[in-house]
1. Using Cα pairs closer than 8 Å and at least 6 residues apart in sequence, work out the relative contact order for the chain, in percent.
2. In the Gaussian network model of the chain, springs joining C-alpha atoms below 10 Å, which of Lys26, Lys103, Lys15 carries the largest mean-square fluctuation?
3. Taking a 20 Å limit on the Cα-Cα distance, which of the listed pairs Lys51/Lys78; Lys15/Lys77; Lys51/Lys77; Lys77/Lys103 fall beyond it?
4. With 10 Å bins from zero, work out the P(r) of the range 68-128 over every alpha carbon pair and list the percent per bin.
5. For the chain, set up a GNM with springs between Cα atoms under 10 Å and report which of Val57, Val83, Val34 has the largest fluctuation.
6. In what sequence do Cys60, Cys37 fall when counting other Cβ within 10 Å, fewest first?
7. So for the range 5-127, taking the charge dipole from beta-carbon charges (+1 Lys/Arg, -1 Asp/Glu), which of Val24, Ile81, Ile123 sits furthest toward the positive end?
8. Percent relative contact order of the range 38-86, based on C-alpha pairs within less than 8 angstrom and at least six residues apart?
Amino acid sequence: MMADILIIAGSISDKGIVERAESVLKKKGMSYAVEYCSAHREPERLEGIVKNSNAQVFICIAGLSAALPGVVASRTKKPVIGVPVAVKLDGLDALLSTMQTPKGVPVATVGIDNGENAAWLAIRILSL
């Protein structure tokens, strides 16, 4: 399937946030796909997903150490939007992890649990 936006969530427990992003994308008629894949538990599968995707923008939803957005950004030159998830420490751990990727591996970061803003940002990026 060809999708302009690929949402990757680190765990099925992030489904509620995925659904909030989907609601915006559906309302705006955007083409998107969803994958569930852990950067820690399935690194080879994640690399294949990113490498084989035709998406123009990636939305990555992850909590705790929130490695997923940074790993995806390290595997593509396309825009990556990170959505930190409130699992522990009210999501502050995930927020800081998502925001503090190394130089040269940028990840745009939206607010904790804010799948809607990730969708809106992806739409704006695609409109450029």
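What follows draws every value from the coordinates through simple rules; no lab data is involved. None of these values were measured; they are calculated from a predicted model. Glycine gets a Cβ as well: all are built from the backbone with ideal geometry, and neighbour counts include every protein chain shown.
1. Details: 274 pairs, mean separation 34.9, N = 128.
Reported as a whole number, the value is 27 percent.
2. It is Lys103.
3. Numbers: Lys51/Lys78 11 Å; Lys15/Lys77 26 Å; Lys51/Lys77 11 Å; Lys77/Lys103 13 Å.
Over 20 Å apart, Cα to Cα: Lys15/Lys77.
4. 25, 51, 23, 1
5. Comparing Val57, Val83, Val34 in the GNM, the peak value goes to Val34.
6. Neighbour counts put them in this order, fewest first: Cys37, Cys60.
7. Ile123
8. Values: 61 pairs, mean separation 19.4, N = 49.
Computed value for the range 38-86: 40 percent relative contact order.
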